[in-house]
Amino acid sequence: MREVDLFVIGAGSGGTRAARISAGHGARVMVAEEDRIGGTCVIRGCVPKKLYVYASRFADDMADAAAFGWTVGMPSFDWPMLRDAVAAEVTRLSGLYRKGLNGAGVEIVEERAVVAGPGLVRLVRSGETIKAHHILVATGGHPVLEPIIPGGHLGITSNEVFHLRTLPKRMAVVGGGYIALEFACVFARLGVEITLIHRGDNVLRGFDEDIRMRLRDGLARSGMTLKLGQTITRIDEGQHGVRHLTLQDGTTLDVDAVLVATGRRANTKGLGLETAGIALNPDGSIPVDAASQTICPTIYAVGDVTNRVNLTPVAIREGHAVADSLFGGKPWTVKHYPIATAVFTTPEIGTIGLSEQDAVKVGHAVTVFDTQFRPMRATMTGREDRTYMKLVVDPDTDKVLGAHMLGPDAGEIIQSLGVAVTMGATKADFDRTIALHPSAAEEFVTMRSPRKG
C-alpha cells in the first residue's frame, strides 16, 4: 500500500495551494482530481467570468469614445470568438496550475478519490487504496437548479453559460445574488434582452442597504427588466428552443435561455466522509474548526466545501494555513473578518467590513459619512451614471467599521482600502490622508460631514 503525508481530494485553488506549500515543507503529497486542475475559480468561476465582464464593458467604451474626439465605426460582436478565446485562456491557466504542482514534486492522480477511513483514501477507477497521514478535502461547490419546478431541467447554470453555442437574443436570469447579477450585466451589455427574476424585494441580500438600492436602480436604468418579488412556477419548451416561462403572478414570458443562479452546494456527495465519522452540516457542507480540522483529527477541509466564506482568496489562505500548520512548524489560522469583496456588476461594487445595518445589529453606535457624484468620465459622455461611497464609523472609538462603494473601479479601490480597515484605521486616519486628485478614490478621504439622521 502506497503511503503519503498528505492526500488532497480536489485540485481547486485551496487544495493546490495546500499541496504546493506542503511539498515545499518536505511532505509527500498526492492530489486527486478527475476534472481539470484549478477548480471552480479558474475553470468555470471568477476568472472566465471576469474576462466576460471585460468584454461586455467595451460596448460602453466605444459608445463613449465619440465624446472624447474619437470616430468609431459600427461595432459588431462575435460570441463564438469570445467564448473560445476565454476557453483557451482557461486551459492555459489550468496548465500553469498543473505545472506548479509538478514543479513542487506533487503527484497528480487524474481520477476521483473518496475517503475510506480516518487515514485511508480509495481511488475509485483503479480501486487502489492509499494510506494518508493527513487528508485534505478541497472539492469546492457546484451550482444547483432551484427551486425544483416543472420544466426546471430546461434552465442552465453558471457552468453551462460559458459554453452557449450562440448568443441568445432574450435571457431570463433567475436569482438576486452576485453570480446572477454579474451575468445579467454581462449579457445585457453584449446586447441580450435581460429579464431578472428574483423572489426577494431587492437584490444582493446581506450587502449595505444604500448599495443595494442604488444597484437595483442602476440595473433598471441599464435597460434590464426587473421582476422582483416573483418566482417561476414552470418552464415549457416551445418551438426552436424557446423557453416559455410562467411566473407566480400568472404572467408569461418567452426567452431563448434561462440562467438559474439561485445557489450553490458543497461537493460532498459520495465522498465517504461517514467512514471517518464525519456528519455533514444540514446544507451538505463539511463542519470544521478554526484550523480547518474536522471532527476526525486526520481530515481537514478548506474552501467552498466548508461553506464558511466562499471566496477563492479565502480558500487559498485556508489551504496555506493547513500546510504551514501540519508541515511547516508554524501553525496559524485564517481570520475570516474583515474581507474585501467585489461584485463585478455594472455599476461595480466594492465593500469591506460591516454594513450600516449589521453594525447597528451587533451593538455599535454608528455615524455615517457618504457621498455621491457623477464620475468625471460621465460629465463628458452625458451618461446618468453615479458613484456612491460610504464609510460606517463607530463614534465612540472613531474606528472605521465598514467601507462601501458603487461605481467604476470599486473593486480596485476597496482592495486598497482593505489594508486600512483590516489594520483598524480610524476616521481621523482617513481625514489626515492627503487626497490624490483628480480621482474617484480621493472622495474616501475628503468626506468631513456626517450624514444627518
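Where a number appears in this text, it was derived from the coordinates with a stated rule and is not lab data. Everything numeric here is computed off the predicted structure, so don't read it as measured data. Reconstructed Cβ throughout: ideal geometry from the backbone, glycine too, with neighbour counts over all protein chains shown.
Could you tally the net charge around THR426, taking each other residue with its Cβ under 13 Å from the Cβ of THR426, Lys/Arg +1 and Asp/Glu -1? Can you show the working numbers first?
Details: positive: LYS399, LYS427, ARG432; negative: ASP394, ASP396, ASP398, ASP429, ASP431.
Local net charge: -2.
Starting from the Cα-Cα distance between HIS240 and VAL419, subtract it from 0.36 nm times their residue separation and give me the gain in nm to one decimal.
59.2 nm
So how far, in whole Å, is the C-alpha centre of the range 364-442 from the one of the range 282-336?
After rounding, the separation between the Cα centres reads 32 Å.
Remind me, relative contact order of the range 146-248 in percent, using alpha carbon pairs under 8 angstrom and six or more residues apart?
28
Can you give the Kirkwood hydrodynamic radius for the range 323-394, in Å, rounded to one decimal and based on Cα pairs?
Here the Kirkwood hydrodynamic radius works out to 15.7 Å.
Which pairs, out of LYS50/LYS269; LYS99/LYS269; LYS361/LYS399; LYS335/LYS452, put more than 23 Å between their alpha-carbon atoms?
Going by Cα-Cα distance, LYS50/LYS269; LYS99/LYS269; LYS335/LYS452 fall outside the 23 Å limit.
Among the trypsin sites (Lys or Arg not before Pro) in the range 144-247, which ones are in a DSSP loop with at most 15 other Cβ atoms within 10 Å of the Cβ? Mind listing them?
Answer by residue number: ARG165, LYS169, ARG205.
I'd like to know how the chain sits against the 2.2 N^0.38 Å rule of thumb: what's its Cα Rg over that expected value?
The chain yields a ratio of 1.06.
Translational diffusion coefficient, Stokes-Einstein: compute it for the range 1-117 using the Kirkwood radius over C-alpha pairs as Rh, at 25 °C and 0.890 mPa s, and state it as an integer in µm² s⁻¹. Show your work: numbers first, answer last.
Working: Rh = 16.7 Å.
Answer, rounded: 147 µm²/s.
Relative to the compact-globule scaling 2.2 N^0.38 Å, provide the ratio for the alpha-carbon radius of gyration of the range 68-140.
1.93
With labels modelled as points extended 7 Å from the Cα through the Cβ direction, what inter-label distance (nm, one decimal) is found for PHE58 paired with ARG432?
With each label point 7 Å from Cα toward Cβ, the separation is 4.7 nm.
Please list, in chain and number order, the residues 5+ apart from VAL8 or on another chain whose amide H is under 5 Å from its amide H, with Hs placed from the backbone.
Here the answer is MET30, VAL31, ALA32, LEU136, since their amide H atoms fall under 5 Å of that of VAL8.
Based on the mean of other Cβ atoms within 10 Å per residue, sort peptides 418-428, 132-142, 16-26, 45-55 so the most packed one is first.
Packing proxy ranking, top to bottom: 132-142, 16-26, 45-55, 418-428.
Please find the FRET efficiency linking ALA67 to ILE148, where r is the Cβ-Cβ separation and R0 is fixed at 41 Å, and quote it to the nearest 0.05.
For R0 = 41 Å, the calculated efficiency reads 0.25.
Under a no-solvent Debye model with one identical scatterer per Cα of the range 152-262, what's log10 I(q)/I(0) at q = 0.16, 0.18, 0.21, 0.23 Å⁻¹?
Ignoring solvent entirely, the Cα scatterers give -0.67, -0.86, -1.16, -1.38.
Considering only C-alpha atoms, what is the centroid distance from the range 161-184 to the range 28-80, in Å?
What the calculation gives is 14 Å, centre to centre.
What is the local net charge at ASP5, summed over the other residues whose Cβ is closer than 13 Å to its Cβ (Lys, Arg +1; Asp, Glu -1)?
+1
State the antiparallel share, in %, of DSSP beta bridges confined to the chain, rounding to the nearest 5.
So the antiparallel bridges in the chain amount to around 60 percent.
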